[in-house]
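Working notes, structure below.
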Amino acid sequence: MVFVSGCSNLSLRTNAGTIALGNATIAGVDTYTSAEMSRFKAQFLGEVTTSYCENSSDPEKLDDLPSLSSMTKSLKLQVTQRGGNAIVMKQCGKVNYLSCAVYLECNGEAYFIDRGF
(Lines give C-alpha, C1' and ligand atoms only; values in the text may rest on other atoms or scores of the structure.)
Protein backbone atom coordinates (compact mmCIF):
# COMPACT_ATOMS: atom_id res chain seq x y z
CA MET A 1 0.00 0.00 0.00
CA VAL A 2 1.33 3.46 -0.87
CA PHE A 3 0.33 6.61 0.98
CA VAL A 4 1.01 10.05 -0.44
CA SER A 5 0.06 13.03 1.63
CA GLY A 6 0.92 16.71 1.66
CA CYS A 7 2.29 16.68 -1.88
CA SER A 8 0.04 18.84 -3.98
CA ASN A 9 2.67 19.14 -6.74
CA LEU A 10 3.53 15.45 -6.84
CA SER A 11 3.92 14.04 -10.32
CA LEU A 12 4.45 10.36 -10.98
CA ARG A 13 5.86 9.33 -14.34
CA THR A 14 5.92 5.86 -15.76
CA ASN A 15 6.35 4.26 -19.14
CA ALA A 16 3.66 1.67 -18.37
CA GLY A 17 1.08 3.66 -20.35
CA THR A 18 3.48 4.01 -23.28
CA ILE A 19 4.20 0.28 -23.26
CA ALA A 20 0.49 -0.57 -23.04
CA LEU A 21 -0.33 1.88 -25.82
CA GLY A 22 2.46 0.46 -27.99
CA ASN A 23 1.24 -3.11 -27.45
CA ALA A 24 -2.36 -2.10 -28.20
CA THR A 25 -1.23 -0.25 -31.32
CA ILE A 26 0.79 -3.12 -32.76
CA ALA A 27 -2.04 -5.56 -32.05
CA GLY A 28 -3.80 -3.96 -35.03
CA VAL A 29 -0.92 -4.82 -37.39
CA ASP A 30 -1.31 -8.17 -39.14
CA THR A 31 1.56 -10.07 -40.75
CA TYR A 32 1.20 -11.39 -44.29
CA THR A 33 3.33 -13.04 -46.94
CA SER A 34 3.91 -11.30 -50.28
CA ALA A 35 1.51 -13.77 -51.92
CA GLU A 36 -1.22 -13.06 -49.37
CA MET A 37 -0.72 -9.30 -49.73
CA SER A 38 -1.28 -9.53 -53.49
CA ARG A 39 -4.89 -10.54 -52.79
CA PHE A 40 -5.66 -7.22 -51.10
CA LYS A 41 -6.13 -3.76 -52.45
CA ALA A 42 -3.32 -2.42 -50.28
CA GLN A 43 -1.35 0.79 -50.27
CA PHE A 44 2.43 0.36 -49.92
CA LEU A 45 3.76 2.73 -47.24
CA GLY A 46 7.47 1.96 -47.50
CA GLU A 47 10.21 -0.16 -46.01
CA VAL A 48 10.56 -0.58 -42.25
CA THR A 49 13.78 -1.67 -40.60
CA THR A 50 15.36 -2.07 -37.19
CA SER A 51 18.84 -3.22 -36.22
CA TYR A 52 21.07 -3.82 -33.24
CA CYS A 53 24.89 -3.92 -33.14
CA GLU A 54 26.81 -5.33 -30.19
CA ASN A 55 30.48 -4.41 -30.41
CA SER A 56 31.61 -6.34 -27.36
CA SER A 57 32.25 -10.07 -27.39
CA ASP A 58 31.75 -10.14 -23.59
CA PRO A 59 29.47 -13.15 -22.92
CA GLU A 60 27.43 -11.16 -20.38
CA LYS A 61 26.56 -8.51 -22.96
CA LEU A 62 25.70 -11.19 -25.51
CA ASP A 63 23.08 -12.54 -23.08
CA ASP A 64 21.26 -9.18 -23.21
CA LEU A 65 20.63 -9.06 -26.96
CA PRO A 66 17.13 -7.95 -27.97
CA SER A 67 14.80 -10.80 -28.89
CA LEU A 68 13.60 -11.21 -32.46
CA SER A 69 10.11 -10.80 -31.02
CA SER A 70 10.96 -7.35 -29.63
CA MET A 71 12.54 -6.37 -32.95
CA THR A 72 9.39 -7.49 -34.79
CA LYS A 73 7.32 -5.36 -32.38
CA SER A 74 9.54 -2.40 -33.28
CA LEU A 75 8.77 -2.95 -36.98
CA LYS A 76 5.04 -3.16 -36.29
CA LEU A 77 5.21 0.07 -34.30
CA GLN A 78 6.89 1.73 -37.31
CA VAL A 79 4.02 0.44 -39.48
CA THR A 80 1.44 2.08 -37.21
CA GLN A 81 3.44 5.31 -37.16
CA ARG A 82 3.13 5.39 -40.96
CA GLY A 83 -0.62 4.81 -40.74
CA GLY A 84 -0.46 1.14 -41.71
CA ASN A 85 -2.12 -2.01 -40.47
CA ALA A 86 -0.18 -4.75 -42.27
CA ILE A 87 3.41 -5.90 -42.67
CA VAL A 88 5.23 -8.30 -44.95
CA MET A 89 8.32 -9.53 -43.10
CA LYS A 90 11.34 -9.82 -45.37
CA GLN A 91 14.15 -10.83 -43.04
CA CYS A 92 14.79 -11.04 -39.32
CA GLY A 93 17.88 -12.46 -37.67
CA LYS A 94 21.65 -12.37 -37.36
CA VAL A 95 23.60 -10.84 -40.21
CA ASN A 96 27.38 -10.75 -40.65
CA TYR A 97 28.59 -7.20 -40.18
CA LEU A 98 32.32 -6.60 -39.76
CA SER A 99 32.22 -3.86 -37.12
CA CYS A 100 29.85 -5.78 -34.80
CA ALA A 101 30.44 -8.91 -32.75
CA VAL A 102 26.71 -9.58 -33.21
CA TYR A 103 24.46 -7.70 -35.63
CA LEU A 104 20.71 -8.29 -35.69
CA GLU A 105 18.51 -6.83 -38.39
CA CYS A 106 14.84 -7.09 -39.24
CA ASN A 107 13.11 -5.50 -42.19
CA GLY A 108 9.81 -5.60 -43.94
CA GLU A 109 7.28 -3.67 -45.95
CA ALA A 110 4.52 -1.55 -44.42
CA TYR A 111 1.03 -1.50 -45.95
CA PHE A 112 -2.39 -0.07 -45.33
CA ILE A 113 -5.28 -2.40 -46.12
CA ASP A 114 -8.72 -0.81 -46.31
CA ARG A 115 -10.83 -3.41 -44.53
CA GLY A 116 -14.03 -1.50 -45.29
CA PHE A 117 -15.56 -1.52 -41.83
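With a cut-off of 11 Å between beta carbons, the residues surrounding I113 carry a summed charge of 0, where Lys and Arg count +1 and Asp and Glu -1. Each residue, C100 and L68, gets one label point 7 Å from its Cα in the Cβ direction; the gap between the two is 1.5 nm. Other residues lying with their Cβ under 13 Å from the Cβ of F40 contribute a combined charge of -1, Lys and Arg counting +1, Asp and Glu -1.
Rolled with a 1.4 Å probe across the full set of protein chains, the surface gives D114 an accessible area near 110 Å².
Using a probe of 1.4 Å on the protein chains alone, the accessible area found for T80 is around 30 Å². Accessible-area rank, largest first, for K73, K41, K94: K41, K94, K73, with all protein chains present and a 1.4 angstrom probe.
The values are calculated or read from the model by the stated rules, or taken from the named source; none is laboratory data. Bear in mind the structure is a predicted one, so any value in this text is a computation, not a measurement. Backbone-built Cβ (ideal geometry, glycine too); neighbour counts: all protein chains shown. Heavy atoms of the whole protein, side chains included, go into the accessibility calculation; ligands, DNA and RNA do not. Shrake-Rupley method; radii C 1.70, N 1.55, O 1.52, S 1.80 Å.
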